[in-house]
Every structure is written in C-alpha cells, then in structure tokens.
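The values are calculated or read from the model by the stated rules, or taken from the named source; none is laboratory data. Computed from a predicted structure; not experimentally measured. Glycine also receives a Cβ, built like all others from the backbone with ideal geometry; neighbour counts cover every protein chain displayed. The area values use the complete protein model at the heavy-atom level, side chains included, leaving out ligands, DNA and RNA. Shrake-Rupley method; radii C 1.70, N 1.55, O 1.52, S 1.80 Å.
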Amino acid sequence: MENFRRMKYLRALLVLLIFSPPAGGSIIHGAENFSITLGGEHGWENISSSEGLVETEGRFAWPGLGIAPSGETGEHEGGELYISFDSPDFQDSTGNYTTLFSNLRFSSGNFVRQGTGAALCNTTGEGLSLQGNPGAVFSERGELPSFTISFWLYPSVTETGGTIFSWRSSVMPENTKSANPLYQTIQASFEKNRLVWEFSDMWISDTGTALKARLEPSGIIIPRKWSLHQVSYDSVSGLLEYRINGLTEAAAYITENRRPDGSPVTGLIGNPSNIDIASRYSGLIDEFKITREPLPEVSIDTLRTISGYYPASGGKFITEPADTGPGRSRLVSADISIIEPEGTESEFYVRSGDNFYTWTEDSPEWVPIADGKPASKLSGRYFQISGGLYPDSSRRKTPVLTWISLKFERENAPWPPLNVKGYEGNGAVKLSWNAPADSDIKGYLVYYGEGTGEYLSPGSPVDAGNNLSYIVSGLENGKMYYFCVASYGSAGKDSPGPCSPEICLRPLAVKNNIME
C-alpha cells in the first residue's frame, strides 16, 4: 500500500496522534506512563486510510466513526440542515438551525433505521422546533432556491391528522393583485394513510397570481415499517417532486403553463419562520436532512442505496504511525470507547517497531487488542492502529467508535552527551564529548548534514560505539557541515535520546592535525 512508502515527509505527520502524559506526570520505577488517543474530542484527522466508514456522532457528542450506508460517502452536498438523531441532544449538525424546543424522545432500540438512534414521537402537538440562523433557506427573505427535504419514517399509525413537517410564513410581493399579504405554508400531513405535501403561495406568476401545489402519492404508508420520504424542488426546471423509497409518487411543474416546457415561476421566501418537525405524529423519525440541491434522476444505484442498508463488509481504517518519542515504549493496555448495538461487531489491532520506514502492509505483524485487557508484549518507538467495524445480520445497525486510547510505559530516554566539541581537518572533522551522568549509556550516534537541523548526509547517523570521540571523513573541503551527537541505551541505537546542541564545522585542506 502506498501508505507505507518510505517518504521522508511522513516524519512531519507522526505528530498527528495526540501525545498526552497523564495529569501529574506519573513516574513509576524510572518509567513514564503516558497515552496516545485516536478520536475523542480531537477528531479523526490522524486516519491514514479508511474504507466504508463515515464520521457520525459518538459519545459525549464527540465525532464518532461508523459504517457508511451503501452508496453513502458521509458528505452531504449543499448541506442546509442535518439531524441524525444518534444522541439525545437533537441538534442541527450544520449549524444553520437552532433547536428552540424538543418533546421528542431519544430511542436506541432495535428499530433504529440508521446510526445509533432515532426520535420517538407522539401526537401531543409539540415535536421539534427549529429556528433558522441568518443565511438559512427558510430564514432569509428572497427567492426560493432548489431544495430537497428528506427523512425516514416508522409510523405507529397513519391516520388523518398526523403532521410531519410544517413551515408557515407571510410575504407581500410587489406584483400581486391583492393588497393583503400572502400566507405561505409548506406542510406534510397524513390523509387516509397517505403522506400529502401542500405548498401555498410559495410562487408568484408574471401575472401576479399566487400558485399552490399539492403532492398526493398513490400508494399508502404501511405502519411499523421504515420508508424514505423525499420532496424536491428544482428552481431551474420548476419540477416539484415527491419520492417514497426512491421512486416518484407525485410531481408537479411550477411553470407558467404547468408543463415541463413552460417557464419556471419564481419562488419567494417571506418572513423568517420556524420549522416544526413531527408536531403531531406517532412513531419514529430518523435522518432528517435539507439540502440546497434537487434530487438527481432515479437510478438503480440510488435504489440499491435505499434498500441496501449498511454493506455487509463493514468498514476499515488505518492510522498514521505514531511517534512515542525517544526511547522504547511498551504497550500496557487499550481503552476503547465504542457503541455496539446488538449483533454488531468490531476488531482492533496494533503493531510497533523502531523504524516505520521499513514497514510493509503485513510487517510488522498486527496484534489484536481489546478494551481494558492487558496488551501483548509490543514495544518500540512507533505504533500504528487498525480496525474494522461490522453491521448486524440485518445490516440496519452500525457500531460507532468514539475513541481508542493506548496506554504505555516508557523507559526514560538517555541523556545527550556533554560539551560536544569539533576540530576541522582535510576532508574530515573530529568530534569529542563528555559522557552524561546516565549509567545506562551503551553508545553514541553522530548526526551530520549540510543544513542546520538537517542531518541528511550519506551515512548519517553513524554509530560511534561507546567511544567519546569520532572522526567523520569523506567530507568536502570548504563546505560547512552541521553536527550533533545523541546517546542510546539498552533499547539500542534505533531508540536514541535527544541530540546535543548543534555545532558547525568547515573541513579545509590546510588542516591536517585532527588525526593526532
């Protein structure tokens, strides 16, 4: 995989995982305890590659990772409003609308359509009320843009009177025949086991006539069964369309002649008004969305998306290698916060090593980890996590991962050598230093290069063994070189400590005494 190419620029990416020693900096028998966290409040930017996954809401309203529904990418084009109902806090995740009040109840039972939750509604007449912020479609006077309203329903009953969507406003357009304001409404209500959409005075023709539209499907809504409802308006063509489970059930052209070949009539948004969802409805509602795009044409792919639920293969991810710092770290345990509805499963792995540039897709070996259990004997400087999330057998439920926190114990890195000095010679330099007050020093590494802080010359770093001096040869006379020296302990030269202060030296042909 290309994620494991030996590219030097990946070094900058290693800090993406959060390096977080615990409060108080716990030190036990010379070993430092610390943790590295993936996800949580910091999000998922440190994912190197993923397949079949999408961000959703996890615990504590932090970003979670779940399986993407078949055909979904997790990105909602033209996103205007999105409520997943995956947590008790029913809020619009786009930030365009503010929740004024909610009398809906959070449900995480077996009947959830998508994600980890849905909203349980009743017929008291008080559902979920949203107020648009400046710039929101139904909160800004002006022309009515293209839009799609979409949601899933699982009704207990479909008797006349139940209301799913309601928006009421007023407008005083300049070219109307009436001196009184027009009262605008968009409403979706049950009539004789059908969900009917009514639009009043949303469009004003060139003659000043306010137009109405009614979308009544031919098929009935079956109680206690999930169905997807989408109403779409295309301001370019004038098509107003209602689809159930991806198929067109009713349509009308809002044009001057009410036909496809007519000129579209301009839609208007009047005074800002609230959106009410499920104000009189008994059942469940899930995945409520509004976008500023009309629906695409009906296709086999979209029908498969609707009927396919979550893909049986689930989803997988791999993180960037995480640098735990100088010295060797030992994995102690893992803290995995995941919501797993009945029937769903997950698996997680970790691998480690001292030099991630040598890693391949399958080497080092991936070792399984579990929440709260002691980890296998994994140690090194770099650690990488992979995982898989799998739906239940009905493909209607997904696990949601909120975070993985790896807990480590690390021996303190050896101290750098002291008083590093240098002497120029002919095509070579001699470095010398004093040993630090650290009994675990096993040797020293000499780094050098042609730029400050960039020790990338061929052969760098070179192992000086346990000597207190070293001659670097094969250098170009007259060129400035930059040097530093690091110690390494029992963990070996692949796990050195921090470097000494840098010095710079210029070899010259006239200087020949460094070999003495």
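Brief remarks on what is shown
- Restricting attention to segment 374-424, the residues that are in a loop (DSSP other than H, G, I, E, B), modelled with pLDDT of 85 or more, within 24 Å of PRO364 (Cβ to Cβ) and in contact with a Gly (Cβ under 6 Å, 6 or more places away or on another chain) total 0.
- Residues being open to solvent by 30 Å² or more (accessible area, probe 1.4 Å) and either modelled with pLDDT of 90 or more or more than 30 Å from ARG141 (Cα to Cα) (or both) - total across segment 201-229: 9
- Test: residue in segment 349-366 that is touching a Lys or Arg at 6+ places or on another chain (Cβ under 7 Å) and part of a strand (DSSP E or B): no
- Subset of segment 477-516 [at pLDDT below 95, acidic (Asp, Glu) and more than 40 Å from the chain's Cα centre (by Cα)]: GLU516
- Hey, TYR470 open to solvent by 50 Å² or more (accessible area, probe 1.4 Å), on the phi < 0 side of the Ramachandran plot and among the aromatic types (Phe, Trp, Tyr) or not: yes
- Listed by position, the strands (runs of 3 or more DSSP E) inside segment 429-516 whose residues that are of a type in the set (A, V, I, L, M) number at least 2 are 443-449, 462-465, 469-473, 481-488, 503-505.
- Residue check for SER237: in contact (Cβ under 8 Å) with a residue 60 or more places away in the chain and closer than 25 Å to ARG141 by Cα: no
- Pairs, first within 16 Å of THR324 (Cα to Cα) in segment 491-509, second among the polar types (S, T, N, Q) and modelled with pLDDT under 90, C-beta under 8 Å, six or more apart: ASP494/ASN355
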